Every structure is written in structure tokens, then in C-alpha cells.
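Chemist: Before anything else, here's the structure in question.
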Amino acid sequence: MSAVTDILAPGPDGRPRCWWGVGGGEAYVHYHDEEWGRPVADDRRLFEMLALEGFQAGLSWSTILRKRESFREAFAGFDPQRVAAFGEGAVARLLGDAGIVRHRGKIEAAIGNARAALEVMARFGSLQAYFRPHAQWRVAGPGSIAELVAETTESGALSRDLKRRGFTFVGPTIVYSFMQAVGLVNDHAAGCVVREEAETQRRTVLGGGAG
């Protein structure tokens, strides 16, 4: 198997995609094609993805995707203002909600992170304005599975800054997954059918890059 084809697999239409995006059914293909690696400008979606990446820790992303609509309903559409107002009664409600991941630490982290997010939004104007300078610009996507990493120097730096601002469940691995998901880095494989489109969107929305 070549250095490129071990990271690519044909999707339902026969075109090459990142290998992880084609084996989990239609929802996974849609997530890979339409969301992952594409830039996010909406603060509510940025908060949603940061929260979901925290809930995903120790679990599969397919579990989170299956529960995503339940998460949205349980967490008021991931409106940071509304989630920040959740009290102990809301925590008890969420712990009893079988539609989400019932983990007290992760639930409390999501609520605390909503409060931290509001402070960031007040300081920087928006979550996107805060995250945008952390975008990474690379010449090419990974060409083999061996090139994939779980965290980077940049995700470590962002993790430390988030923790300094009061966020929790934001270790460098979780943060790197978040960066990949919201297009702060484009880790679509070299040869992936959506890589170039995602990169064009990144440059338009995030406004930069020399790679």
C-alpha cells in the first residue's frame, strides 16, 4: 500500500476521501465532506464543537454524532449565554438525559466553558476573533497515516491559553481535534476530494495563509 492510498479510501461515489470518513455510514461521510476541516465563523457552532470535543474524550466520534441532536436540545442549541445560566438543577437534568453522555465532569465543564466563552467574546468581540489567529497554514495535507498526530505545538499553546481563561476539558489533544474540526487546520489528506475546497473556504473566511 502506498504512502498516499493508506490514508485514502473511496467514498460512495468512488472518489477518494480520508479513510476515516467512509467507514461509518452516511452521517460520517456527510460530516467529513461538509463540516470537518471547513472554517466556522458562527460563535454558537464554535462553542458547540468545543463542547462536543470535550464530551468525545475517551469515546468514539460516531457516538457523539449519533447523539448530536440530543446534545443540541439538552444544551439549548449551544447558545453560550443560555448554557452559562445553567445551575445545579440543569446539571441534574442533564445527568438524567439518556440522549447525551452523562458524565458530571464533562457536563460541568461545558457549563463552565460557556461562562468562559462569554468572557472571551466580551474581550475579543467574538469567539471566531479569538480563535482566528490560531489558524495554521500548511503547504500540503498528510500523505500517510504515519504522518497523523494527536496534538501539535500550536494546540498545546492554545490549550494553555484556554485554561488560563478558565476553560476546562481543553487539553492539547482535545484542542487539536477541535482545530481540525473547525478548520483552524486542514488535515484532509493529500488527494482527498474535499481538501482543496475546504482550503479555499479557509482562506476566504480566516483570511490568510501562505502555504
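Chemist: So which residues in segment 146-203 are surrounded by fewer than 18 Cβ atoms within 10 Å (Cβ to Cβ) and basic (K, R), if there are any at all?
Modeler: R160, K163, R164, R165, R203
Chemist: Oh, and also: If we scan segment 51-58, do we find a residue that is at pLDDT below 95 and exposed (fewer than 15 other Cβ atoms within 10 Å of the Cβ)? I'd like the intermediate steps shown before the answer.
Modeler: Narrowing segment 51-58 to residues at pLDDT below 95: 57-58.
Keeping just the survivors that are exposed (fewer than 15 other Cβ atoms within 10 Å of the Cβ) gives 58.
Yes - at least one qualifying residue is present in segment 51-58.
Chemist: Mind counting the residues in segment 31-85 that are among the β-branched types (V, I, T) and touching a residue at least 40 places away in the same chain (Cβ under 8 Å)?
Modeler: The number of residues fulfilling the criteria is 1.
Chemist: Given (1) out of contact with any Gly (no Cβ under 6 Å at 6 or more places or on another chain); (2) surrounded by fewer than 19 Cβ atoms within 10 Å (Cβ to Cβ); (3) of a type in the set (A, V, I, L, M, F, W, C), identify the lone condition not met by V83.
Modeler: Condition not satisfied by V83: (2).
Chemist: Consider A92 against the criteria (1) farther than 23 Å from L127 by Cβ; (2) among the aliphatic types (A, V, I, L, M); (3) surrounded by 17 or more Cβ atoms within 10 Å (Cβ to Cβ): it satisfies all of them except one. Which criterion is unmet?
Modeler: Of (1) farther than 23 Å from L127 by Cβ; (2) among the aliphatic types (A, V, I, L, M); (3) surrounded by 17 or more Cβ atoms within 10 Å (Cβ to Cβ), only one is false for A92: (3).
Chemist: Residues in segment 45-62: is at least one in contact with a helix residue (DSSP H, G or I) (Cβ under 8 Å, 6 or more places away or on another chain) and hydroxyl-bearing (S, T, Y)?
Modeler: Among the residues of segment 45-62, at least one is in contact with a helix residue (DSSP H, G or I) (Cβ under 8 Å, 6 or more places away or on another chain) and hydroxyl-bearing (S, T, Y), which makes the answer yes.
Chemist: Now a separate question. Out of all the residues in segment 38-86, which are hydrophobic (A, V, I, L, M, F, W, C) and more than 26 Å from V205 (Cα to Cα)? Before you say what the answer is, go through the steps one by one.
Modeler: Residues of segment 38-86 that are hydrophobic (A, V, I, L, M, F, W, C), as a first pass: 40-41, 46-47, 49-52, 55, 57, 59, 61, 64-65, 71, 74-76, 78, 83-86.
The answer is F55, A57, L59, I64, F71, A74, F75, A76, V83, A84, A85, F86.
Chemist: Further question on the same structure: Sort out which residues of segment 1-50 are surrounded by fewer than 14 Cβ atoms within 10 Å (Cβ to Cβ), among the hydrophobic types (A, V, I, L, M, F, W, C) and under 20 Å from the mean Cα position of the chain (by Cα), and write them in order of number.
Modeler: The one that is surrounded by fewer than 14 Cβ atoms within 10 Å (Cβ to Cβ), among the hydrophobic types (A, V, I, L, M, F, W, C) and under 20 Å from the mean Cα position of the chain (by Cα): A27.
Chemist: State whether the residues of segment 136-144 include one that is among the aliphatic types (A, V, I, L, M) and at pLDDT below 95. Please lay out each step first, then the result.
Modeler: Restricting attention to segment 136-144, the residues satisfying the condition of being among the aliphatic types (A, V, I, L, M) are 139-140.
Those left that are additionally at pLDDT below 95: 139-140.
Yes, segment 136-144 contains a residue that is among the aliphatic types (A, V, I, L, M) and at pLDDT below 95.
Chemist: What single numbered condition from (1) within 24 Å of D6 (Cα to Cα); (2) of a type in the set (A, V, I, L, M); (3) free of Cβ contacts under 8 Å to residues at least 12 places away in the same chain fails to hold for V193?
Modeler: Among (1) within 24 Å of D6 (Cα to Cα); (2) of a type in the set (A, V, I, L, M); (3) free of Cβ contacts under 8 Å to residues at least 12 places away in the same chain, V193 violates only (3).
Chemist: So which of L127, L184 is among the aliphatic types (A, V, I, L, M), out of contact with any Cys (no Cβ under 7 Å at 6 or more places or on another chain), closer than 25 Å to G58 by Cα and modelled with pLDDT of 95 or more? Even if it seems obvious, please write down each step before you answer.
Modeler: Working: L127 fails: closer than 25 Å to G58 by Cα.
Answer to the selection: L184.
Chemist: Looking at G125, G87, which one is within 20 Å of D42 (Cβ to Cβ), more than 18 Å from the chain's Cα centre (by Cα) and not aromatic (F, W, Y)? So that I can check it myself, show each step before the final result.
Modeler: Numbers: G87 fails: within 20 Å of D42 (Cβ to Cβ).
Testing whether each residue is within 20 Å of D42 (Cβ to Cβ), more than 18 Å from the chain's Cα centre (by Cα) and not aromatic (F, W, Y) leaves just G125.
Chemist: Now, a different point. Looking at segment 95-107 only, could you name the residues that are surrounded by fewer than 17 Cβ atoms within 10 Å (Cβ to Cβ) and part of a helix (DSSP H, G or I)?
Modeler: Of everything in segment 95-107, those that are surrounded by fewer than 17 Cβ atoms within 10 Å (Cβ to Cβ) and part of a helix (DSSP H, G or I) turn out to be L95, R104, G105.
The values are calculated or read from the model by the stated rules, or taken from the named source; none is laboratory data. Values in this document were obtained by computation on a predicted structure and should not be read as measured data. Note that we place each Cβ from the backbone using ideal geometry, even for glycine, and neighbour counts take in every protein chain shown.
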